[in-house]
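Written below as structure tokens is the structure these notes are about.
The values are calculated or read from the model by the stated rules, or taken from the named source; none is laboratory data. Remember, predicted model here, so these are calculated numbers, not experimental data. A quick note on method: Cβ atoms are made from the backbone with ideal geometry, for glycine too, and the neighbour counts reach across all protein chains shown. Ligands, DNA and RNA are stripped out before the accessible areas are found, and what is left, the full protein with its side chains, is counted by its heavy atoms. Shrake-Rupley method; radii C 1.70, N 1.55, O 1.52, S 1.80 Å.
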Amino acid sequence: MSHSHPSQTLADFAAGLRPSDIPAPVMRRTEDLFLDWFASALAGKGARPVETLARFWASQGPADGPSEVLIHRRGSSPMVAAAINAAASHHAEQDDVHNGSVFHPATVVFPVALAVAQALGRSGRELLAASVAGYEVGIRVGEYLGRPHYRIFHTTGTAGSIAAAATAGHLLGLSQAQMLHAFGSAGTQAAGLWEFLRDAADSKQLHTAHAASTGLASAYLAADGLTGARQILEGPQGMAAGMSVDSDPTRLTDGLGTRWATAETSFKYHASCRHTHPAADALLQALRDHGLTADDIEHVETFVHQGAIDVLGPVTDPQTVHQAKFSMGTVLALAALHGHAGVGEFDAGYRAQRVRDFAGRVRMTLDAEVDAAYPRRWIGKVEVTTRDGRRLSGRVDEPKGDPGNSLSRAELEAKALTLGGYRDGATPAELREVFARVWALDSDAPVGRWLTAV
């Protein structure tokens, strides 16, 4: 593939990718990622921001339709289902993340893949291939926009719109020219700003709902002849020009068809912003290595990259459970007290006095080594001062969930059972049926519905 501009090369790849082009281990990884996303969507059931967004989108769509709204077990149009499922899957902070792009692909790719595949009667194999197209495109756009972009913009909301367009466009069978138009329409609508964190506002789920629905709409519109900017990514008034200061166009086409960025994607172990995970794992290692408990700790210094300070720094006194997931002190307190900062631990005690006291003794410090490695590697380093005056350290080079320290299928199933039961999204028996279907998704059978209406 060779073109005078990389947007076309990326569009050609997304339009032309076939299941037979994708290595079997990447297809298996995509199944893993799909299950992780599915369970994360169920965990959004009943959450106030999710249900607010769901009421709006449902009011704009048909009362029934081919595409499944997972948290409500009802059908609607592809756009309505994709938007609601995208919002739901980004609430519990358990959806996946790609380190190098600082992008959450699942929450904008799979809602679109499922909704469009169901609407068009596509097979599981076609859903997986379209999802890989979305992952590969979105991750490269996130890497292209870079660290300065992420300081202000929520990359999942911006790059996510292009990823969603690639996913929907693949399932619609767009030509290379149409796919490029879909990218142009999606990119001109790309949005998402981090300012919401300062106010504990609900915008994060709006970002994913918007990106998924915008990308889906852009693909359908391109199929019907709507044109979009052909250089929306790298043009003089395109996304990078307005949203980045260090974009490198070569990142858009890096290893297309040989480097499978989908397989680089990490799962989340803790139910919090990924920027907190390296430090949480390093603290847990220090506690284990030295036989300490939370009560032994006087002070914790976490050595972090600048991105962690940019995103977590504004959250000094979390007022909601979701905002608490962006508080380094709260996450470390829950991890130290419970051994894991999961959805249950957050709900049960993020405002408890013991948690708040521990959180007040946590400090973030910019570290040159950690910052230089980021975003390709998310190193965790902490120094713990004990009440008896000792200074002890902990370090992890690959947090739990990273490709080199991943979750097994058994661990993914256990996580899914927790998330499915978190807000009664699905019973254990239903989820075990889901597991069997996901592990057999690479087939010619139509995707169909997943949960029985109740």
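A few comments on the model shown:
- Dipole axis of segment 255-354 (+1 Lys, Arg; -1 Asp, Glu on Cβ), positive-most option in Leu287, Thr262, Leu312: Thr262
- Calculated FRET value between Thr188 and Gln306, using beta carbons and R₀ = 25 Å, to 0.05: 0.30
- In this structure, the amide hydrogen of Ser67, modeled 1.01 Å from its nitrogen in the peptide plane, lies closer than 5 angstrom to those of Ser76, counting only residues at least 5 positions away or on a different chain.
- Cβ-Cβ FRET estimate between Arg449 and Asp317, R0 fixed at 60 Å, reported to 0.05: 0.85
- Rg over Rh [alpha-carbon atoms, Kirkwood Rh] for the chain: 0.97
- Nonpolar atom fraction for the chain, defined as the carbon and sulfur part of the 1.4 Å probe accessible area, stands at 51 percent.
- In the chain, the longest principal axis of the Cα atoms and the axis of helix 203-223 are about 20 degrees apart.
- Per-residue extension of 0.36 nm, minus the Cα-Cα distance of Arg55 and Glu369, leaves a gain of 108.4 nm for this segment.
- Modelled this way, with points 7 Å down the Cα-to-C-beta line, the labels at His299 and Arg259 are 4.1 nm from one another.
- When peptides 17-24, 97-104 are sorted by average Cβ neighbour count within 10 Å, with the highest value leading, the order is 97-104, 17-24.
- Segment Arg391-Ala201, length gained on full extension (0.36 nm per residue, minus Cα span): 64.6 nm
- Distance between the pseudo-spin-label points of Ser20 and Glu411 (7 Å out from Cα toward the beta carbon): 3.6 nm.
- For segment 197-245: rounded, prolate or oblate by the Cα gyration tensor [a/c cutoff 1.5]: oblate
- Between the Cα long axis of helix 48-59 and the first principal axis of the chain there is an angle of about 10°, rounded to the nearest 10.
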